[in-house]
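Novice: Got a structure here, written out as structure tokens. Questions coming.
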Amino acid sequence: MKLDELIEYLDYKDLINFKNIDITGISYNSKTTKKGDIFVCLVGEHTDGHEFAPNAIENGAAALLVERKVDGTKVPQVVVSSTRHKIADIADRFYSSPSKGINLIGVTGTNGKTTVTHLIQKIFEENGQKCALIGTLGYKLSSNGEYRDAKHTTPQAPELQATLRMIKDVEKIDNVVMEVSSHALDQNRVGGCRFNGAVFTNLTQDHLDYHITMENYFKAKALLFEHLTEGDFAVINADDEYGDRFISVVPDGVRVYTYGVKQQSDVMAKNINFSLNGAEFILVTGDHIKPNGAKEYKVNLHMNGMFSVYNVLAGITTALASGIDIEIALKALQNVKGVAGRFEVVVKKPLVIVDYAHTPDGLENVLKSAREITPEDGKLICLFGCGGDRDATKRPKMGAIAERLADKIVITSDNPRSEDPQTIITDIIAGLKSVNTESVIVEPDRGSAIALLKTIANNNDVVVIAGKGHEDYQILKDKTIHFDDREEARKVFEGSVI
């Protein structure tokens, strides 16, 4: 693509050394820049891409997208106000706006995004339609397919647009469901994406190290809904305290569908019961919901916990908004065993559950769900930590939640990153009413902490290992090591592995 064609609709401030050269790719990492690329000088919290422009040119960059002039080079420079936002515009242009030819559904919220996207993918496939998925675990082209690597919940714009183009042209898939993080929305990584539908799961404290306030966090999430247009749909959790605010930002002409358990909604669950086998409830639809109208359906899930009920309601409501018959959606979801690292049972005796819960709300949800299936003569044990270099204000809150809902807690490390693990643990302990050694155990080494469960958990106890879920690594100060909570638990309770 010629440079003038690439920047034709770009709101640039200046052109330096302009030549209408061929652009063969987009890069933002000087180490991986190839000949013919336009190198985007991203400005981040810790690095400034302008400093790496000479390296990119040395590796073959044919042009630069900059916020300020880079001296000492004759390659064309396109000056814009924000390279972080404009990279999405040129990526969309370079890959010829692939999302405009796809039915693209975005799912956002603090918790539940991964599970809801997987459920939606299953529903489309049960309806005889191919559906690709992009999210935390990578991207995959079918529910039975292998994950392919993704470095973020929502990839950076060039990778995202290239993936969408591949899904559309090479794989011939017309439906895509995507997790959309608040960072991706705030940084415009999904800029240029034409969403046909948006789903809101919930909004609770997370990422305040980045957003600073809950108001900023809400505004970032709301961008997904504000950009919908007439004929699109929005699916919103009416029970969430931010539900009404999300409804209020949806533009006129967009179809709004609500789901919930407490508030009157288009799709509701009642008479909810939990057992070791999963959750069961009665699904109720409103009389204006087409094509089924007001009906009740008995639902039996292999998944457990109230959060699973909400995730299933989100998936079913999305199916209805997409014109898929509810009977087909229910058939798909009642066969789902769950998602890797989300309330995943890995050991039978004691019942050991691995979950990704890493926020106060997430931890509370998973512990309440685990309590529902804890025998009367059994204890609920929670092992968790908090991530380093992230929102520190949630640490004492998570400590208080664990102390209130579990009978015993084991406080350990999560991904400490550059922080001292003991400092993180001290922050967690600050939320406890008392540090009774009978009910509170501290072991900074996560592997050793999981091994301790062998000595404190009896066969009729329920153990929740929270925080890392599907992750198979641990990020330490000076290195990243292989570490998988599920593998560690199976080693400790070798004779009772599922």
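The values are calculated or read from the model by the stated rules, or taken from the named source; none is laboratory data. Keep in mind it's a predicted model, so treat the numbers as computed, not measured. Glycine gets a Cβ as well: all are built from the backbone with ideal geometry, and neighbour counts include every protein chain shown.
Novice: Take the residues in region 142-170 that are among the polar types (S, T, N, Q) and either modelled with pLDDT under 90 or not in a helix (DSSP H, G or I) (or both), then tell me which one is nearest to Glu471 (Cα to Cα).
Specialist: So in region 142-170, the residues among the polar types (S, T, N, Q) come out as 142-144, 153-154, 156, 161, 163.
From what is left, the residues that are either modelled with pLDDT under 90 or not in a helix (DSSP H, G or I) (or both) are 142-144, 153-154, 156.
Numbers: Ser142: 21, Ser143: 19, Asn144: 20, Thr153: 13, Thr154: 16, Gln156: 20 Å.
Only one residue fits best here, namely Thr153.
Novice: On the basis of being within 20 Å of the chain's Cα centre (by Cα) and under 19 Å from Ile7 (Cα atoms), does Ala61 make the cut? Spell out the reasoning first.
Specialist: Numbers: within 20 Å of the chain's Cα centre (by Cα): no; under 19 Å from Ile7 (Cα atoms): yes.
No.
Novice: So in region 179-191, with the set limited to residues that are modelled with pLDDT of 85 or more and touching a helix residue (DSSP H, G or I) at 6+ places or on another chain (Cβ under 7 Å), which one is nearest to Gln156 (Cα to Cα)?
Specialist: Arg189
Novice: Specify which of the listed residues (Ile16, Ile21, Ile7) is out of contact with any Cys (no Cβ under 7 Å at 6 or more places or on another chain), outside the structural domain of Arg189 (by TED's automatic domain parsing) and surrounded by 18 or more Cβ atoms within 10 Å (Cβ to Cβ).
Specialist: Ile7
Novice: Could you run through region 173-191 and say how many residues are in a loop (DSSP other than H, G, I, E, B) and farther than 22 Å from Ala319 by Cβ?
Specialist: Final tally of qualifying residues: 6.
Novice: Would you be able to say whether some residue in region 192-209 is at pLDDT 95 or above, part of a helix (DSSP H, G or I), touching a Phe, Trp or Tyr at 6+ places or on another chain (Cβ under 7 Å) and not assigned by TED's automatic domain parsing to the domain that holds Asp89?
Specialist: Scanning region 192-209 turns up no residue that is at pLDDT 95 or above, part of a helix (DSSP H, G or I), touching a Phe, Trp or Tyr at 6+ places or on another chain (Cβ under 7 Å) and not assigned by TED's automatic domain parsing to the domain that holds Asp89.
Novice: Among what's in region 280-337 and is at pLDDT below 90 and of a type in the set (D, E, K, R), pick the residue that is nearest to Thr201 (Cα to Cα).
Specialist: The residue in question is Lys337.
Novice: What are the residue pairs meeting all of these: first residue in region 445-458, first residue under 19 Å from Pro416 (Cβ atoms) and in contact (Cβ under 8 Å) with a residue 12 or more places away in the chain, second residue part of a helix (DSSP H, G or I) and hydrophobic (A, V, I, L, M, F, W, C), Cβ atoms under 8 Å, and 6 or more apart or on different chains?
Specialist: Close Cβ pairs (under 8 Å, with a partner that is part of a helix (DSSP H, G or I) and hydrophobic (A, V, I, L, M, F, W, C)) amount to Ile450/Ala489; Ile450/Val492; Ala451/Val492.
Novice: Tally up the residues in region 263-278 that are surrounded by 10 or more Cβ atoms within 10 Å (Cβ to Cβ) and in a loop (DSSP other than H, G, I, E, B), please.
Specialist: Summing the residues that are surrounded by 10 or more Cβ atoms within 10 Å (Cβ to Cβ) and in a loop (DSSP other than H, G, I, E, B) in region 263-278 gives 5.
Novice: Which condition from (1) surrounded by fewer than 23 Cβ atoms within 10 Å (Cβ to Cβ); (2) not assigned by TED's automatic domain parsing to the domain that holds Gln161 is the one that Ile90 breaks?
Specialist: (1)
Novice: Of all residues in region 413-455, how many are crowded, with 18+ Cβ neighbours inside 10 Å and of a type in the set (S, T, N, Q)?
Specialist: Summing the residues that are crowded, with 18+ Cβ neighbours inside 10 Å and of a type in the set (S, T, N, Q) in region 413-455 gives 2.
Per-residue answers, yes or no, for (1) in contact with a Lys or Arg (Cβ under 7 Å, 6 or more places away or on another chain); (2) β-branched (Val, Ile, Thr):
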| position | (1), (2) |
| --- | --- |
| Thr47 | no, yes |
| Gly60 | yes, no |
| His85 | no, no |
| Tyr95 | yes, no |
| Leu104 | yes, no |
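Novice: Residue by residue through region 154-186, note down the ones that are in contact with a strand residue (DSSP E or B) (Cβ under 9 Å, 6 or more places away or on another chain), farther than 17 Å from Lys100 by Cβ and polar (S, T, N, Q).
Specialist: Thr154, Ser181, Ser182 - these are the residues of region 154-186 that are in contact with a strand residue (DSSP E or B) (Cβ under 9 Å, 6 or more places away or on another chain), farther than 17 Å from Lys100 by Cβ and polar (S, T, N, Q).
Novice: Do we have Ala489 as in the same structural domain as Gly385 (by TED's automatic domain parsing), farther than 23 Å from Thr115 by Cβ and touching a residue at least 40 places away in the same chain (Cβ under 8 Å) here?
Specialist: no
Novice: Please pick out the residue among Ser418, Ser413 that is over 28 Å from Val345 (Cβ atoms), hydroxyl-bearing (Ser, Thr, Tyr) and touching a residue at least 12 places away in the same chain (Cβ under 8 Å).
Specialist: Ser418
Novice: Cβ-Cβ under 7 Å, sequence separation 6+ or interchain: first residue in region 107-119 and not assigned by TED's automatic domain parsing to the domain that holds Val176, partner surrounded by 24 or more Cβ atoms within 10 Å (Cβ to Cβ) and at pLDDT below 90. Which pairs?
Specialist: Hits for this filter: zero, empty list.
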